[in-house]
Amino acid sequence: MVEGEWAKTYLIHEFFKDKGIYFCVTGSANSNKKLQLRKFYRELKNMFPNLGDSKEPKDWDEALYTLKEALTKIDVAERIIIFFDELPWLASNRSGFLPALEYVWNQYFSHMNNVILIVCGSAAAWIIKKIINNKRGLYGRLSQVIKLNAFTLDETEKFLLSQKVKLSRKQIVELYMSLGGIAKYLTFVLPGDSTAQTINRLCFTPQGQLVGEFNNLCQSLFDDSQKHIQIIRGLAEKKSGFFQKDLLEKLQIPSGGQASSILEELEESGFIAASPEFMKKSKDKRLWLIDEYSYFYITWMEKVKGSIVLGNDKDYWLKMQNDPRWKTWSGYAFESICFKHIIQIKKALGISAVLTNESQWSYRPKNKSEKGAQIDLIIDRKDDCINLCEIKFYHTFFTIDQSYANELQRKIAIFREYTKTTKTIFLTILTPFGLHKNEYSEELVNRELTLEDFFN
């Protein structure tokens with residue numbers, strides 16, 4: 001998911017708070033225009049107490065013109081920062097905010113060289129549609145667009161250290177698999193607690209900060225979130241994801257403009273990803289769930305939410321560490337992390353400068369005499385090579401025995417036969433601690449990557 005509004009607001013405030021006159025107004029969810037205007041006017045009076053006999057504005061045209069009048073009285077040598085936070089809530093339907101902003105920017109603010117206007121919002125799809133791709137008064141007016149993504153593993157480690165939290169890299173990965181690299185969530189981690197203790201406290205106790213986060217988050221990001229949640233749930237059922245047509249049919253959602261818009265909003269907001277399979281047409285994209293917290297919530301939290309609220313089992317997650325389902329969940333979650341760290345993987349392989357395409361691949365047998373195959377991650381390189389990546393989340397060194405060696409050889413053979421590739425194939429193993437060396441690993445594996453390679 002795109003990094004939370006808390007982080008964007010914090011960064012902007014910390015950077016600009018001492019850079020000049022800093023005027024900030026934050027939109028409120030489910031507030032009507034009158035209430036939003038009242039809050040705007042209150043902030044305006046706090047910043048400019050000498051407004052005189054001005055009255056509370058009745059619409060956004062009047063409100064922003066009053067702001068302009070106040071700003072024109074400031075010395076032109078003084079920098080002015082105007083920050084509209086949670087813009088989608090300020091500029092709700094029929095509020096008139098956007099047309100008013102377009103007018104006051106083009107007519108006045110754009111000619112004031114000391115004015116910086118910043119707009120921000122958690123609903124990434126709304127910002128892209130209404131601001132970045134604006135075809136009216138704000139078209140071509142943007143000087144900078146910043147998409148604030150979640151932390152990488154390396155950034156997560158550094159952030160935790162800044163919070164006096166010291167965890168092993170494996171524990172950091174397990175934390176990331178549950179919460180993602182969301183700064184707000186990471187502030188809830190306490191020094192001295194293990195990852196299991198942290199997740200148990202945040203997600204499986206009555207007062208846990210993330211117990212109700214899933215529904216609250218979706219409702220704050222999307223106007224009508226039911227279809228969005230339905231798609232997230234659908235994708236959580238299958239780790240390899242679905243082709244769009246298959247997903248919509250499964251969920252009985254009509255294809256068309258509305259479905260496309262919902263999928264675009266989910267992708268822009270960082271919940272899902274769309275990628276073509278190896279050697280398939282670009283339009284044949286597979287959709288899969290990439291938001292760590294959403295997958296964790298649906299897999300673990302939702303099923304026991306009633307017990308969580310009642311406090312029936314306050315050590316639930318600590319007990320689940322040895323549950324067979326933990327292995328299945330962690331395997332998928334680690335695969336998702338690998339896809340999010342392609343830059344680090346390419347660096348470790350020494351191919352940062354090589355153009356690549358990343359994808360998954362599977363072959364479904366056409367009859368009972370055939371066997372299928374699935375490749376977790378394919379790095380298709382422009383230097384005439386392919387890395388076929390096997391991803392295994394394991395607590396210690398991973399051992400390739402004869403049975404698994406035979407399976408790997410079969411996968412490679414099926415891949416060659418049905419893709420008809422003539423490229424050089426490098427079998428690459430991604431595990432937390434690497435391989436236990438034996439005759440099979442020495443014969444089959446060309447490269448192995450460990451957690452250390454993700455923290456760079």
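Screening ALA413, ALA373 for residues that are in contact with a strand residue (DSSP E or B) (Cβ under 6 Å, 6 or more places away or on another chain) and either surrounded by 13 or more Cβ atoms within 10 Å (Cβ to Cβ) or among the hydrophobic types (A, V, I, L, M, F, W, C) (or both) leaves exactly one candidate, ALA373.
Only one entry in ILE262, ILE253, ILE199, ILE232 is outside any loop (DSSP other than H, G, I, E, B), touching a helix residue (DSSP H, G or I) at 6+ places or on another chain (Cβ under 6 Å), at pLDDT below 95 and open to solvent by less than 80 Å² (accessible area, probe 1.4 Å), namely ILE262. Kindly evaluate THR156 against the criterion of being open to solvent by 20 Å² or more (accessible area, probe 1.4 Å) and modelled with pLDDT of 85 or more. Against the criterion (open to solvent by 20 Å² or more (accessible area, probe 1.4 Å) and modelled with pLDDT of 85 or more), THR156 does not qualify.
To keep it simple, each residue is scored yes or no on (1) in a strand (DSSP E or B); (2) at positive phi; (3) touching a Gly at 6+ places or on another chain (Cβ under 9 Å).
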| position | (1), (2), (3) |
| --- | --- |
| LEU388 | yes, no, no |
| ILE400 | no, no, no |
| SER403 | no, no, no |
| ILE414 | no, no, yes |
| THR421 | no, no, no |
| THR428 | yes, no, no |
| PHE433 | no, no, no |
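When the helices (runs of 4 or more DSSP H) confined to region 290-341 are screened for residues that are without any contact (Cβ under 8 Å) to a residue 60 or more places away in the chain and open to solvent by 70 Å² or more (accessible area, probe 1.4 Å), those reaching at least 2 such residues are found at 324-340. Restricting attention to region 175-185, the residues that are surrounded by fewer than 22 Cβ atoms within 10 Å (Cβ to Cβ) and under 16 Å from LEU161 (Cβ atoms) total 1.
With respect to the conditions (1) of a type outside the set (D, E, K, R); (2) more than 21 Å from VAL76 (Cα to Cα); (3) open to solvent by 60 Å² or more (accessible area, probe 1.4 Å), ILE131 lacks only one, and its number is (3).
Residue-by-condition table, conditions (1) open to solvent by 80 Å² or more (accessible area, probe 1.4 Å); (2) under 18 Å from TRP105 (Cα atoms); (3) part of a strand (DSSP E or B):
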site: PHE40; (1), (2), (3): no, yes, no
site: LYS45; (1), (2), (3): no, no, no
site: LYS58; (1), (2), (3): yes, no, no
site: VAL76; (1), (2), (3): yes, yes, no
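The values are calculated or read from the model by the stated rules, or taken from the named source; none is laboratory data. Computed from a prediction, not measured in an experiment: that's the story for all the values here. Neighbour counts run over all protein chains shown; Cβ positions are idealised from the backbone, glycine included. Surface accessibility is based on the protein's heavy atoms, side chains included, excluding ligands, DNA and RNA. Shrake-Rupley method; radii C 1.70, N 1.55, O 1.52, S 1.80 Å.
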